[in-house]
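Report on the structure given below.
The values are calculated or read from the model by the stated rules, or taken from the named source; none is laboratory data. On a predicted model such as this, the values are computed, not experimentally measured, just so you know. When we count neighbours, we look across all protein chains shown, and the Cβ atoms used for this are built from the backbone with ideal geometry, even at glycine.
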């Protein structure tokens with residue numbers, strides 16, 4: 001799973017193997033540099049020939065802004081999208097951090113799309129549907 005995720009993340013950023021190696025070599029936080037990365041080295045990780053060290057995986061996770069769990073293929077529990085939008089964490093897309101109004105708009109678009117695609121089912125309570133009662137104010 002790791003090789004596929006690494007390749008997908010790299011291609012998603014439109015980076016060559018050499019470009020990703022150069023970016024990883026710039027990461028200096030917490031003394032994470034064991035030795036310089038190279039394009040062929042990363043290519044061997046993507047093909048599953050070699051396995052990176054923990055420190056190299058940590059550098060990849062930091063660069064791509066993903067969790068170690070995601071990189072190594074651990075599955076996540078299903079999370080309701082409403083909860084994600086309600087959490088007090090920053091959400092971003094393509095490098096842009098969403099404002100409160102943008103979060104609300106995106107959530108509304110997703111909710112509208114899903115309600116259109118999967119209409120709420122009204123339970124059949126056995127009553128005759130030919131009669132409609134409207135509330136009076």
Close pairs (7 angstrom Cβ cut-off, 6 or more residues apart or separate chains): surrounded by fewer than 10 Cβ atoms within 10 Å (Cβ to Cβ) in region 74-94, not in a loop (DSSP other than H, G, I, E, B) anywhere: 90/97
Unmet criterion (only one of (1) in the same structural domain as residue 112 (by TED's automatic domain parsing); (2) over 28 Å from residue 102 (Cβ atoms)) for residue 88: (2)
Any hit, region 38-46, residues being out of contact with any helix residue (DSSP H, G or I) (no Cβ under 8 Å at 6 or more places or on another chain), surrounded by 10 or more Cβ atoms within 10 Å (Cβ to Cβ), closer than 21 Å to residue 4 by Cβ and modelled with pLDDT of 90 or more: yes
Restricting region 1-37 to residues that are under 21 Å from residue 73 (Cβ atoms) and surrounded by fewer than 13 Cβ atoms within 10 Å (Cβ to Cβ), the residue that is modelled with the lowest pLDDT: 1
So residue 60, is it surrounded by 13 or more Cβ atoms within 10 Å (Cβ to Cβ), modelled with pLDDT under 90 and touching a helix residue (DSSP H, G or I) at 6+ places or on another chain (Cβ under 8 Å): no
Test: residue in region 120-137 that is over 24 Å from residue 9 (Cα atoms), at pLDDT 75 or above and touching a helix residue (DSSP H, G or I) at 6+ places or on another chain (Cβ under 8 Å): no
Residue selected from region 63-73 under the condition surrounded by 14 or more Cβ atoms within 10 Å (Cβ to Cβ) and free of Cβ contacts under 8 Å to residues at least 60 places away in the same chain, by the criterion farthest from residue 22 (Cα to Cα): 64
